[in-house]
Amino acid sequence: MSIPAPEHNPQLLAAAIAPREGVLKKILRDPFGSGGIVVIVVIVLLSVFAKLLAPFDPAYVDIQATNMPPFTDGHPLGTDASGRDVLSRLLVAGQLTLIGAAVTVVISLVIGVVTGLVAGYFAGPFDHAASWTADMLMVLPSKIVLVALFAVIGPNTVVTMAVLGVMVSPGIFRLVRSLVIGVKNELYVDAARVAGLSSRAIIGRHILYTVRAPIIIQAAFIAGIAVLIQAGLEFIGLGDPSTPTWGGMLQEAFLAMYKAPWLILWPGLMIGLFVSAFILLGNAVRDAMEDSAKVKVPKKDRLRTSTMAVTVQPGRRAANTPAIASGSALLVVDSLVVGYPLPDGELKRVVDGVSLSVNEGEVLGLVGESGSGKTQTAFAILGLLPEEAQIAGGALFFRGEDLIGMPEKARVKLRGKSIAYIPQEPMSNLDPAFRVGFQLVEPMRAQLGLSKSEATKQALELLARVGIPDPKRTFDAYPHQISGGMAQRVLIAGAISCNPDLLIADEPTTALDVTVQAEILDILRGLQKERNMAMVLVTHNFGVVADLCDTVAVMQLGRIVEQNSTAALFAAPVHPYTKMLLDSTLEGTPARAPLRRAESPVRVITTEDDRPREEALNVSRSV
Amino acid sequence: MSHAVSESLSDTLLDARDVEVTYPSRGFRTPPFRALKGVSLDIKPGETVGLVGESGSGKTTLGRAILGLAPVSSGSIRYGDRELVGLDRAARRGLAHEIQVVFQDPYTSLNPAMLVADVLSEPLVAQGVAKSEAADRVEMLLGQVGLPADAGRRLPREFSGGQRQRIAIARALALEPRLIVCDEPVSALDLSTQARVLDLFIEIQDRTGVAYLFVSHDLSVVRHISHRVAVMYHGEIVEYGDCEQVTGDPRHPYTKKLLMAAPVPDPEMQRQRRVERQRLALL
Amino acid sequence: MVAFIIRRVLTGLLLIVAISFVSFVLIYSTGGDIARHILGPEADNAQVAAKSAQLGLDQPLLSQYFLWFTNMLGGDFGRSWFTAEPVTAAITSRLSVTLSVVIVSLVLVTILSVVLGVVAAVRRGWVDRLVQILSVVGVALPNFWVAVVLVLMFAIAIPLFPATGFVQPQDSVGGWLLSIALPVTAITIGGIAGTAQLIRGSVIDVLRQDYVRTLRSRGVPSRSIIYRHVLRNAAPPALIVLSLQFIGMIGGAVVIEKIFAIPGLGLLALNATLRGDIPIVMAVVMTMAAIVVTVNLIIDLVNGWVSPKVRVQ
């Protein structure tokens, strides 16, 4: 194959191979992956040794025995219309198919990978020219071009498949180019550049590694397509008549369709098996790559929270319901457990027995570091946990109503109207395909039953309320046309649009600049006061807590370690973890003193480093 | 050929003058984007210069300009007696053992497919250090940033964010540079991790005398680690001076605004700061 | 938006010119002694030379191209070398046949794969498994093989549909439907196999987006989230794959028309190629390229309408 390996550094080559072994193991463990490999290997071996294995000369005509059905004496798969042995022809036919597919794959890889790498990495005029040519080739229906070229080339399978390779190379080109552009902007490539690596080394070491798996996947699909197209051409009579081919056999079978319909079965089966083996192998490689990329990265959320997955431990709730008895709390979270099933059947508990309550108009800060379970707790309250998450215990009550046992329909009614949500990332939380205004009006019409004009009027008022200078313009804008700060204001406007009693804000200012954060906090504080909303504010920032919260709960590893009024917690933290967190904050610590001359260690700057490098390192190490 | 830089010159390690960076426009009508509008900044040997500003202020661009990763359209950046502006790639490579980098995101700044040992030896091998020598150095580097020696045999994804940032610091240290551009190196980290990584930066500086250009959006972080602080706003430096003065008693209204906007982890102090900020905003 | 459209149209025209040049040069420069081929081995050299001059083949390639290109702009593709039939007439009478089969298939593929893809993504369950299996089996089995099996089953074993032939819709709508039923089915099965899985994937991607959770948090009904927000955001990749499907169907017409003896562009091209009737081959290639460029243009415009970001760039 054409992919140049980073030979100039065997050590790094070894590094690049090491993780791939894991991937290979995964592919082999995947039944479809190993199955695909087995099928391909078997077909290749059968084709290579076809002449030895075939019971007859594939061209031997026995006029006495035409169209014999399968399992006839000496002809396990019968004979064709000319009395030739089907099995022998089937085996030999594999050879040309393999050669054809290999030619297409190699040609498309050579052209696609080389041009894609150069165009992606160096950009400029070559990129323009190559992209344009690729566009042109992609527009041409490849089958019709091959049919047209038959007038020129004649029945020459290798040349035809080479042309097909050129025709499909834009697919590889585009793939490689976009991958390279993606990788080129990765920080680790920048770091390699700063570390003094040449472009060649960067391409060989960092870029080729990332692009090769997708190339392998694409190559498998191209091999499949090549087999299909070759068979198609042979089927319509544009194949090489001198050797048996699967497509050619199908053509002959088609002509003998009325007399011997079973003849179409064998070549169709071979093509189908061979092509599906490539597809399955490609899928297996892709899955294995995705799997290995997924390690330790939390699964993304999905839309449906499976109600089936909710397994509430009975009895747990009745045993411990203090806040309901008091009756005053708006929201009660009681011994909540949220977990994610692990492959071994165990449940990984990300929220592990959290209990808290929020009164009307109270602002609770839920503080913790990443992985503490604070966001999962918030999603559980909202009923928006990812599909694979399970509520494995505990209870949630809103105004005394059981949220977990509630049917989904009733839960939907609460959303926005009773419990609303402000997300962390402003830009990714607005639908890019719809105008800002539509996204505000739609929930108001659904939840409050407002008319379009009434909802529009209210939306504009809300936008003005959250400090957007020109509400009409923002209302008519698409999300990509507004800034992050504006987008967060829009999301706040959306969250309060149906007058909720409880606002769940998940790190609402983390993605924002500090000056914008201050403004957003002012808006949240103002809205909270004027509507007497309760709030659960999820944050990692103690400054934000100090600014906004009445009470604080500190979370660590799925549990609440300390809970108190804000004033008391800051004045006298009890739990060592809380103390450690508060000690870690840099606000209010003394500034670093200016650099004194004596402090500056003097090292000689040499402009031309003419010492041997090792010596230089030895010297500098002793510093 | 080697000559020591005279005492007066060695006062300045890096001297950027009137640096402009302009990105060409992407559309028909949008004007070219001026990321840096004539920025001047100097860094002394062994010093930390904090560069603070909001997103889009150009602080990252200045760091990248010094690293040769952003196109400088005019101005000069002198390192010792060498001019960095206009260096071609080959000449730039020779600077690898003078200027290094630690990026913000510890997840994308390490190649996920490379073993930690290879991440760390890559710059050494590229500079022609023998492999066995490089392997020894890697172990030492891991020790310097507080990671176990066997960390080299693992992949970056097996480490937490803070540990990855330690690996990135070790990579920057591998060539014993005299200046490290740190681009928001603690912003993606948890509070407690952030404090420990900052202490590591300071400890390394005390030990090796390396200088930092420390880019951050967080004034409290910059205050903690910097000797001098520059404040950037819309592609310009609006205030530059000693850390205590800039972060404690700022002169420029924008720096004041920045200072007042950061909430303090103390309900009573924060209430006062809020009132003060809202009063300032009305002026 | 107007600038966007103009730019796209110009690019499309430029593409067609480039394609015409490349195919002309390829087909004409490597075809050997065309006049000899037409006249056969009995003709003497003088006759061959005369034929060459008559067809303009003795001219330099570039001037041949310019003559052919200017004629093409006037809608004239020349005459068949063998039947002397005007090529343009031959093309137009067959174009509608091919398009009727391909467009009906494309519409079916679009509807069925959107339904299957969305249901598979949202409901999972057996539909999901069906889509997964189809995405391998349906792609791996060549559609001409599927076509032959369909003929065996539904035209020979159970004679519900005609095995071959084509009825013009203006002659009999019922007859037309019967005549295209099997070819359309064969094309559609392969088309769904390639498309439904991709739509499923892009719907799942959109369902995982943050804004979907935010919309749910506001109480927007699931119906509206899926049919309004998710479908619209999942559309661009689906449109691209549908346009690739269309290109494949146009090219694949050769095989399908051959099996069912449908007098369309594909069969015309095939017969012309086997004879060496180059003017017809060139005309078919250009017609198909023009159709594909037009469809791509439409897809681009729809994409611009669906995703506002594309429109702005």
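The values are calculated or read from the model by the stated rules, or taken from the named source; none is laboratory data. Everything quoted here is computed from the prediction, not taken from an experiment. Please note: Cβ atoms are built from the backbone with ideal geometry, for glycine as well, and neighbour counts cover all protein chains shown. Protein only, heavy atoms only, side chains kept; ligands, DNA and RNA dropped before computing areas. Shrake-Rupley method; radii C 1.70, N 1.55, O 1.52, S 1.80 Å.
If I build a Gaussian network model for chain B, linking alpha-carbon pairs within less than 10 angstrom, which residue out of B:Arg157, B:Arg178, B:Arg82 has the largest mean-square fluctuation? Residue with maximal mean-square fluctuation among B:Arg157, B:Arg178, B:Arg82: B:Arg82.
For A:Asp506, the accessible surface of its heavy atoms amounts to roughly 10 Å² (probe 1.4 Å, protein chains only, rounded to the nearest 10).
With R₀ fixed at 22 Å, the C-beta to C-beta distance from A:Leu347 to B:Ser160 puts the FRET efficiency at about 0.45. Here the protein assembly as shown carries DSSP beta bridges of which approximately 55% are antiparallel, counting only pairs with both residues inside. Each Lys or Arg adds one and each Asp or Glu takes one away; over the other residues whose Cβ falls under 11 Å from the Cβ of B:Gly68, this sums to +3.
What angle do you read, to the nearest 10 degrees and between 0 and 90, between the alpha-carbon axis of helix C:173-207 and the longest principal axis of chain C? Once rounded, one gets 50 degrees. Between B:Phe33 and B:Tyr23, B:Ser25, the built amide H atoms are under 5 Å apart, and every one of these is 5 or more places off in sequence or on another chain. Angle of helix C:265-275 to the longest C-alpha principal axis of chain C, folded into 0 to 90 degrees and rounded to 10: 30°.
For the pair C:Leu112 and B:Tyr107, label points projected 7 Å from Cα toward Cβ lie 4.1 nm apart. Note on region B:182-283: with charges restricted to the Cβ of Lys and Arg (+1) and Asp and Glu (-1), its dipole about the Cα centre is near 460 debye. Among the trypsin sites (Lys or Arg not before Pro) found in region A:193-275, those both in a DSSP coil and sparsely packed, with 15 or fewer other Cβ atoms within 10 Å of their Cβ, are A:Lys259.
Here region A:71-219 is assigned +1 on the Cβ of each Lys and Arg and -1 on the Cβ of each Asp and Glu. Its dipole about the Cα centre then comes out at about 400 debye.
Buried surface between chains A and C: roughly 6500 Å² of accessible area, summed over both sides, computed with a 1.4 Å probe on protein heavy atoms only. Per-residue Karplus couplings for region C:140-147, computed as 6.51 cos²θ - 1.76 cosθ + 1.60 with θ equal to phi - 60°, are listed in order as 6, 7, x, 5, 6, 5, 4, 4 Hz, Gly and Pro entered as x. Around the amide H of B:Tyr212, modelled in the peptide plane, lie the amide H atoms of B:Glu47, B:Thr48, B:Val49, B:Ile180, all under 5 Å away and 5 or more residues distant in sequence or on another chain. Remark: for residue pairs A:Lys26/A:Lys51; A:Lys417/A:Lys457; A:Lys472/B:Lys37, the C-alpha separation exceeds 24 Å in A:Lys26/A:Lys51; A:Lys472/B:Lys37. Using a 10 angstrom cutoff on alpha carbons, build the Gaussian network for chain C and name the most mobile of C:Leu62, C:Leu95, C:Leu116. Of the options given, C:Leu62 has the highest mean-square fluctuation. Across peptide B:209-219, the mean count of Cβ atoms from other chains lying within 10 Å of each residue's own Cβ comes to 2. The helix-only estimate of mean residue ellipticity at 222 nm for chain B, built from DSSP H runs of length n ≥ 4 each weighted as -39500 (n - 2.57), is -11500 deg cm²/dmol after division by the residue total.
Charge dipole of the protein assembly as shown (Cα centre as origin; +1 on each Lys and Arg Cβ, -1 on each Asp and Glu Cβ, all else neutral): 2040 debye, rounded to the nearest 20.
Taking every residue in B:103-110 and counting other chain Cβ atoms within 10 Å of its Cβ, the average works out to 4. Listed by chain and number, the aspartates and glutamates placed with their C-alpha closer than 17 angstrom to that of A:Lys579 are A:Glu369, A:Glu562, A:Glu587, B:Asp190, B:Asp266; residues fewer than eight positions away on the same chain are left out.
Local charge for A:Val536 was computed over the other residues whose Cβ lies under 10 Å away, with Lys and Arg +1 and Asp and Glu -1, and equals -1. Derived from the Cα gyration tensor, the three semi-axes of the equivalent ellipsoid of region A:357-583 are 29, 21, 15 Å, largest first. Think of chain A as a dipole: +1 on every Lys or Arg Cβ, -1 on every Asp or Glu Cβ, centred on the Cα centre; then among A:Val358, A:Val176, A:Ala593, A:Val358 lies furthest on the positive end. If R0 is 25 Å, the Cβ-Cβ spacing of A:Ser483 and C:Thr294 corresponds to a FRET efficiency of close to 0.05. Just check region B:111-175 against the gyration tensor rule for me: Cα atoms, a ≥ b ≥ c as the square roots of the eigenvalues, rounded for a/c under 1.5, and otherwise prolate or oblate depending on whether a/b exceeds b/c. Note, shape of region B:111-175 comes out prolate.
Beyond 62 Å, the tail of the calculated P(r) for the protein assembly as shown holds 22 percent of the Cα pairs. Applying 0.36 nm per residue to the separation of A:Glu454 and A:Ser198 and subtracting their alpha-carbon distance, the gain on full extension is 85.9 nm.
In summary, no lysines lie within cross-link reach of A:Lys184, defined as a Cα separation below 17 angstrom excluding same-chain residues under 8 places away. Packing-based ranking of B:59-69, C:169-179 yields B:59-69, C:169-179, ordered from highest to lowest mean Cβ neighbour count within 10 Å.
Would you mind calculating the gained length between A:Ser328 and A:Leu28 on full extension (0.36 nm times residue separation, minus the Cα-Cα distance), in nm to one decimal? Using 0.36 nm per residue and subtracting the Cα-Cα distance, I get 102.1 nm. Counted residue by residue at 0.36 nm each, then reduced by the alpha carbon distance between them, the extension gain from C:Ile6 to C:Arg36 reaches 6.2 nm. Counted as membrane-span-like here are DSSP H helices of chain A whose alpha-carbon atoms extend 30 Å or more along the helix's own axis and whose Kyte-Doolittle mean is 1.0 or above; these are A:86-122, A:157-184, A:208-235. When the charge dipole of the protein assembly as shown is built from unit charges on Cβ atoms (+1 for Lys and Arg, -1 for Asp and Glu) and taken about the Cα centre, the candidate among B:Gln163, C:Ala235, A:Leu28 whose Cα reaches farthest toward its positive end is C:Ala235.
Put simply, region A:469-601 fits an ellipsoid with semi-axes of 33, 24, 12 Å; these come from the alpha carbon gyration tensor as the roots of five times its eigenvalues, largest first.
Which of B:Val264, B:Val238, B:Val116 moves most in a GNM of chain B, Cα contacts under 10 Å? Of B:Val264, B:Val238, B:Val116, the most mobile in the Gaussian network model is B:Val264. For peptide A:146-157, the mean count of partner chain Cβ atoms within 10 Å of a residue's Cβ comes to 6. For region C:94-278, pairs of C-alpha atoms spaced more than 24 angstrom apart make up 47 percent of the total. Note that chain A carries a Kirkwood radius of 30.8 Å, evaluated over its alpha carbons pair by pair. Among C:Leu73, A:Leu581, the order of accessible area from largest down is C:Leu73, A:Leu581, computed with a 1.4 Å probe on protein heavy atoms. Farthest towards the positive end of the charge dipole of the protein assembly as shown, among the residues A:Ala260, A:Thr210, C:Thr195, is the Cα of C:Thr195, using unit charges on the Cβ of Lys, Arg, Asp and Glu. Looking at chain A, identify the longest residue range that excludes and avoids all GluC sites (Glu not before Pro) in DSSP loops having at most 10 other Cβ atoms within 10 Å. In short, A:8-345. Each label point was placed 7 Å from the Cα along the Cα-to-Cβ direction; for B:Val275 and A:Glu530 their separation is 2.3 nm. Here the 3J(HN,Hα) profile of region C:213-225, calculated from phi with Karplus coefficients 6.51, -1.76 and 1.60 at θ = phi - 60°, is 5, 5, 4, 5, 5, 8, x, 5, x, 3, 3, 5, 4 Hz, Gly and Pro shown as x. Placing a pseudo-label 7 Å from each Cα along the Cα-to-Cβ vector at A:Ala59 and C:Thr92 gives an inter-label distance of 4.9 nm. Each residue was assigned an accessible area with a 1.4 Å probe, and for B:Ser121 the value is about 0 Å². In this structure the amide hydrogen of B:Val39, modeled in the peptide plane, comes within under 5 Å of the amide hydrogens of B:Asp18, B:Val19, B:Glu20, none closer than 5 places in sequence on its chain.
Computed over protein heavy atoms with a 1.4 Å probe, the accessible surface of chain C works out to 43 Å² per residue. Pop the C-beta distance of B:Ala130 and A:Leu52 into the FRET formula with R0 = 56 Å and round what comes out to the nearest 0.05. Here the calculated transfer efficiency is 0.60.
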